[in-house]
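Colleague: Structure provided below as structure tokens; questions to follow.
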Amino acid sequence: NTWVYWFVFNTQCPPFNNSKLRQAFAHAINRSEIVAYEATPLTPAYTPIPIDTENKNHPQFPNYHPEKARALLQEALDQLKIKKEDFPPITLIVHEKGPREHAAHCIKRQIEATLELKCIITPLSWPETFSKVTQGDFQVSIMPWTSWVDDVLYTLDAFRFSDDKINLAKWEN
């Protein structure tokens, strides 16, 4: 099985209920920099679809693109009717051990450098992290994901209903 670490937004509460803001963050993250830390070779994930079935020529998630990230952030700020200097710090909860903590520090640096927004990392025990995310008591988190079955439909089914416990982002389609 393939493991993916998701950068999960809580899409049910402000400010991450704004799609432009989520897009800005997606373009502000350099996945290659995050995975370069690991001793074992890792591949940046650009899709939730199992790696052996994905079309590698057409990533589903955006590449690092700082100019586009800043433009999307400005669109989001305009929609939210807030100035960047008044934007509250982003709280990123993460399991306190292992690669997720490294990823959190990389993401914090990238968000602060690219978007000039303050990001606070809150390391928690695994039970605390899991509880907060599954209950929707978070802004952003880094969570592991592996599909029990290497099937595209099984993986995508996690996003069918926003109230499904497995749907951590609470986004649905």
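Colleague: Exactly one condition in (1) more than 14 Å from the chain's Cα centre (by Cα); (2) surrounded by fewer than 20 Cβ atoms within 10 Å (Cβ to Cβ); (3) over 15 Å from residue 10 (Cα atoms) is false for residue 144; which is it?
Modeller: For residue 144, the failing item is (1).
Colleague: I want to confirm something. Restricting to region 1-25 and keeping residues that are in contact with a strand residue (DSSP E or B) (Cβ under 8 Å, 6 or more places away or on another chain) and open to solvent by less than 20 Å² (accessible area, probe 1.4 Å), which single residue is modelled with the lowest pLDDT?
Modeller: First, pick out the residues of region 1-25 that are in contact with a strand residue (DSSP E or B) (Cβ under 8 Å, 6 or more places away or on another chain): 1-10, 16, 22, 25.
From the residues that got through so far, the ones that are open to solvent by less than 20 Å² (accessible area, probe 1.4 Å) too are 8, 10, 16, 25.
On the way: 8: 85, 10: 89, 16: 93, 25: 94.
By that ranking, first place goes to 8.
Colleague: In addition: Which residues, counting only those in region 62-73, are more than 14 Å from residue 30 (Cβ to Cβ) and open to solvent by less than 90 Å² (accessible area, probe 1.4 Å)? Give the derivation first.
Modeller: Narrowing region 62-73 to residues more than 14 Å from residue 30 (Cβ to Cβ): 70-73.
Matches in region 62-73: 71, 72, 73.
Colleague: Identify all residues within region 127-141 that are of a type in the set (D, E, K, R) and open to solvent by 90 Å² or more (accessible area, probe 1.4 Å); write none if there are none. Full working, then the answer.
Modeller: Let us first name the residues in region 127-141 that are of a type in the set (D, E, K, R), namely 128, 132, 137.
Hit for region 127-141 is 128, nothing else.
This table checks each residue for (1) assigned to a helix (DSSP H, G or I); (2) under 12 Å from residue 7 (Cα atoms); (3) out of contact with any Leu (no Cβ under 8 Å at 6 or more places or on another chain).
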| position | (1), (2), (3) |
| --- | --- |
| 76 | yes, no, no |
| 82 | no, no, yes |
| 88 | no, no, yes |
| 91 | no, no, yes |
| 94 | no, yes, no |
| 97 | no, no, yes |
| 102 | yes, no, yes |
| 105 | yes, no, yes |
| 111 | yes, no, no |
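Colleague: Residues being among the aliphatic types (A, V, I, L, M) and touching a helix residue (DSSP H, G or I) at 6+ places or on another chain (Cβ under 6 Å): count how many of those fall in region 118-141.
Modeller: Residues of region 118-141 among the aliphatic types (A, V, I, L, M): 120-121, 124, 133, 140.
Now drop any that are not touching a helix residue (DSSP H, G or I) at 6+ places or on another chain (Cβ under 6 Å), which leaves 121.
Here the count works out to 1.
The values are calculated or read from the model by the stated rules, or taken from the named source; none is laboratory data. Note that this is a predicted model, so its numbers are computed, not measured. Reconstructed Cβ throughout: ideal geometry from the backbone, glycine too, with neighbour counts over all protein chains shown. Just so you know, the surface numbers come from the protein's heavy atoms only, side chains and all, with ligands and any DNA or RNA stripped out. Shrake-Rupley method; radii C 1.70, N 1.55, O 1.52, S 1.80 Å.
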